[in-house]
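S.K.: This is the structure I want to talk about, given as structure tokens.
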Amino acid sequence: GADTIEIKKFFSYDLETYLKRAEIIRSANIYNNIAIAVCPKQIKSILLAAQAADELLNITGIQASFVFVKIKDEVFISGRSLGDINVQVILETLGGGGHITMAGAKLEYVTIDEALSKLKDAIKKYVKESEK
């Protein structure tokens, strides 16, 4: 009985927000059904990073996603999953937390490249332990 037009209006975004989110998604690389994206330097929004992580799960074959955003001396990571990959466990190894399908982490005084390396190591460890 829900009014689908009203719901669509409620969840709509302005064009600038939509384009920024699309720019983040465009940066994604896929590793073993996991999408990893980095916000461009001019985008400094944890909310946009989280929205992009959610949106990446709509792509066929993507089981989990991680989106990075650097704000001053901190790198924030938003992790999302469809449930088969536990993003909470992965991000806990980086000092973060959350839930099996939605988690986050904050790394201080690291570059994006260093943070990416740490995440990839955490994913490799998670995959190795999952195979046992």
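S.K.: So which of Lys70, Lys44 is in contact (Cβ under 8 Å) with a residue 40 or more places away in the chain and among the charged types (D, E, K, R)?
M.R.: After ruling out the rest, the residue left standing is Lys70.
S.K.: Got a number for residues in segment 40-85 being open to solvent by 70 Å² or more (accessible area, probe 1.4 Å) and either of a type in the set (Val, Ile, Thr) or assigned to a loop (DSSP other than H, G, I, E, B) (or both)?
M.R.: Within segment 40-85, residues that are open to solvent by 70 Å² or more (accessible area, probe 1.4 Å) and either of a type in the set (Val, Ile, Thr) or assigned to a loop (DSSP other than H, G, I, E, B) (or both) number 11.
S.K.: Can you report the number of residues in segment 91-104 which are over 20 Å from Pro40 (Cβ atoms) and touching a residue at least 24 places away in the same chain (Cβ under 8 Å)?
M.R.: So the answer is 4.
S.K.: Quick check on Ser78: is it without any contact (Cβ under 8 Å) to a residue 40 or more places away in the chain, more than 17 Å from Asp113 (Cα to Cα) and among the hydroxyl-bearing types (Ser, Thr, Tyr)?
M.R.: Here the answer is no, as Ser78 does not meet what is asked.
S.K.: Another question about this same structure. Out of segment 86-119, which residues are open to solvent by 70 Å² or more (accessible area, probe 1.4 Å) and part of a helix (DSSP H, G or I)?
M.R.: Once the filter is applied, which keeps residues that are open to solvent by 70 Å² or more (accessible area, probe 1.4 Å) and part of a helix (DSSP H, G or I), segment 86-119 yields Glu92, Asp113, Glu114, Lys118.
The values are calculated or read from the model by the stated rules, or taken from the named source; none is laboratory data. Source: prediction; values computed, not measured. Neighbour counts are summed over all protein chains in view; Cβ atoms, including those assigned to glycine, are modelled from backbone coordinates with ideal geometry. Side chains included, ligands, DNA and RNA excluded: accessible areas come from the protein's heavy atoms. Shrake-Rupley method; radii C 1.70, N 1.55, O 1.52, S 1.80 Å.
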